[in-house]
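To keep things clear, I will list the structure first and then write my remarks on it.
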Amino acid sequence: MNPFVYAALPIRVVFGRGKVSEAAAEAKRLGITRPLVITTSHQADSGNNIVKATGGVGFAGAAMHTPTDVTDKAIAVFNAERCDGTIALGGGSSTGLGKAIAFRTDCPQLVIPTSYAGSEMTNILGETADGAKVTKRDAKIQPEAVIYDPDLLGTLPAQFAATSGMNAIAHAVEGLYAVDGNPIVSLMAEEGIRALATALPKGKPGQDEALYGAWLCGAVLGSVSMALHHKLCHVLGGTFNMPHSETHTVILPHATAYNAVGADDAMARIARALGSKSAAGGLFDLAQRLGAPLSLKVLGMTEDQLDKAAEIAVANPYPNPRPLDRAAIRILLDNAFNGRRPA
Ligand code: NAD
């Protein structure tokens, strides 16, 4: 067995249908007496229920990729209302704003996820200012407590459930070949992929198991380093403004095929978790079965952007099972652009 380091995540997790009703008690447990309750405008009504239950203050302005001007507005409300903690309810955008406030104020955070993005389990924050996305890691960014309540997924549109679930699987895929991987993280990753691959095709009846899988995949993301797949998605999102979970869904089979060389054990575990012959083919087939988008072309990317994307992806080297090769990554992007099933 290879030597490894394992650091457990210091997060309290409460899981179960109806558990959102424990938000006030969980906030109190963290010493929060007046929370800023964060949602997107789309989920303002759900946020208002938490405001009523906790005696907090609502802020329904969270936006994708955590723009710093939105954070400034939220901090102004946080200070004016003498808030002493945050409750973020929603997907990665709401969680991101809660993290941005906690990074600046060191306040405690409770997160109530309503998508499968997994941000609640990490100490990572990606913020955008002047069109550029900057990622930072800090202990203050890590939420202290999370309530996973599958009832809140009832309003999740089917297409977003599919791409958000594939986004979660991507964390586990890269966790299985992470340079700093370890046996516990690999167990969580394989079980996370299995749970999501089993549950997502079931739609609403599978939401409990899918949320459980998303938790595990988020924990993987929070524990070990990601590689080529996440780098490519970061480039496509940050530089070409491609949508987050959809881009993860399209790129994942192709990044996995690229890394099939040099990650034998990971590929075998991914295929086993998917119940498929090959890891990359199985991921493509799952996305197709879920009716998710399969090509960058469908997402609005243009062919003339692929050269620049390949260039940026290799500009700053990072650990990856297969060495980064610009020409091979350009082929990967061409396959993803055209939505070809990986061989
Ligand atoms: P999102 O949070 O932007 O949600 C998309 C839309 O769906 C929003 O309008 C949201 O209000 C709505 N929505 C969410 N859950 C819903 C539900 N149950 N019912 C109805 N509507 C619902 O999208 P996302 O994919 O969850 O998150 C993407 C963002 O999270 C990106 O900015 C990404 O960079 C970030 N992210 C960060 C990390 C990290 O560790 N830092 C990890 C994953 C994602």
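The values are calculated or read from the model by the stated rules, or taken from the named source; none is laboratory data. Treat the numbers as computed from the prediction; the structure is a model and nothing was measured. Quick reminder, even Gly has a Cβ in these numbers, built from the backbone with ideal geometry, and neighbours come from all protein chains shown.
So which of LEU236, LEU228 ends up being out of contact with any Pro (no Cβ under 6 Å at 6 or more places or on another chain) and either assigned by TED's automatic domain parsing to the domain that holds GLY91 or at pLDDT below 95 (or both)?
On the way: LEU228 fails: either assigned by TED's automatic domain parsing to the domain that holds GLY91 or at pLDDT below 95 (or both).
LEU236 is the lone residue from the list that is out of contact with any Pro (no Cβ under 6 Å at 6 or more places or on another chain) and either assigned by TED's automatic domain parsing to the domain that holds GLY91 or at pLDDT below 95 (or both).
Regarding ILE75, is this residue more than 16 Å from the ligand (Cβ to nearest atom) and assigned to a loop (DSSP other than H, G, I, E, B)? First the steps, then the outcome.
Working: more than 16 Å from the ligand (Cβ to nearest atom): yes; assigned to a loop (DSSP other than H, G, I, E, B): no.
It is false that ILE75 is more than 16 Å from the ligand (Cβ to nearest atom) and assigned to a loop (DSSP other than H, G, I, E, B).
What are the pairs with Cβ atoms under 6 angstrom where one residue, in the stretch 156-176, is in contact (Cβ under 8 Å) with a residue 12 or more places away in the chain and the other, located anywhere, is within 8 Å of the ligand (Cβ to nearest atom) and part of a helix (DSSP H, G or I)? Sequence gap at least six, or different chains.
Cβ pairs passing all conditions: THR163/SER245; SER164/SER245; ASN167/SER245; HIS171/LEU221.
Among ALA279, ALA266, ALA271, which is assigned by TED's automatic domain parsing to the domain that holds PRO293 and surrounded by fewer than 24 Cβ atoms within 10 Å (Cβ to Cβ)?
Values: ALA279 fails: surrounded by fewer than 24 Cβ atoms within 10 Å (Cβ to Cβ); ALA266 fails: surrounded by fewer than 24 Cβ atoms within 10 Å (Cβ to Cβ).
Step by step, each of ALA279, ALA266, ALA271 is checked, and only ALA271 is assigned by TED's automatic domain parsing to the domain that holds PRO293 and surrounded by fewer than 24 Cβ atoms within 10 Å (Cβ to Cβ).
Applying the selection to the stretch 32-74, what residues are surrounded by fewer than 23 Cβ atoms within 10 Å (Cβ to Cβ) and among the hydrophobic types (A, V, I, L, M, F, W, C)?
Selection gives ALA44, VAL51, ALA53, VAL57, ALA60, ALA63, MET64, VAL70, ALA74.
What pairs come up if the first residue lies in the stretch 217-243 and is closer than 28 Å to GLU190 by Cβ and away from the ligand (no atom under 13 Å from the Cβ), the second is among the aromatic types (Phe, Trp, Tyr) and assigned to a helix (DSSP H, G or I), and their beta carbons are under 7 Å apart, counting only those six or more places apart or on different chains?
Qualifying pairs under 7 Å: LEU228/TYR258.
What residue, among those in the stretch 94-134 that are of a type in the set (Gly, Ala, Ser) and more than 7 Å from the ligand (Cβ to nearest atom), is surrounded by the most Cβ atoms within 10 Å (Cβ to Cβ)?
Of all residues in the stretch 94-134, those of a type in the set (Gly, Ala, Ser) come to 94, 96, 98, 100, 102, 115, 117-119, 126, 129, 131-132.
When the remaining residues are screened for being more than 7 Å from the ligand (Cβ to nearest atom), the result is 98, 100, 102, 129, 131-132.
Details: GLY98: 32, ALA100: 26, ALA102: 22, ALA129: 12, GLY131: 9, ALA132: 9.
Among those residues, the one meeting the criterion is GLY98.
Among what's in the stretch 310-343 and is modelled with pLDDT under 95 and small (Gly, Ala, Ser), pick the residue that is nearest to ASP285 (Cα to Cα).
Of everything passing the filter in the stretch 310-343, ALA343 is nearest to ASP285 (Cα to Cα).
Would you please name the residue that is surrounded by the most Cβ atoms within 10 Å (Cβ to Cβ), looking only at residues in the stretch 77-93 that are under 16 Å from the mean Cα position of the chain (by Cα) and within 15 Å of ALA145 (Cα to Cα)?
Going through the stretch 77-93, the residues under 16 Å from the mean Cα position of the chain (by Cα) turn out to be 88-93.
So of that shortlist, the ones also within 15 Å of ALA145 (Cα to Cα) come out as 88-90.
Working: ALA88: 34, LEU89: 29, GLY90: 26.
Within the stretch 77-93, the match that is surrounded by the most Cβ atoms within 10 Å (Cβ to Cβ) is ALA88.
Among LEU187, LEU232, which is the only one that is assigned to a helix (DSSP H, G or I), more than 16 Å from the chain's Cα centre (by Cα) and of a type in the set (A, V, I, L, M)? First the steps, then the outcome.
Details: LEU232 fails: more than 16 Å from the chain's Cα centre (by Cα).
The conditions single out LEU187.
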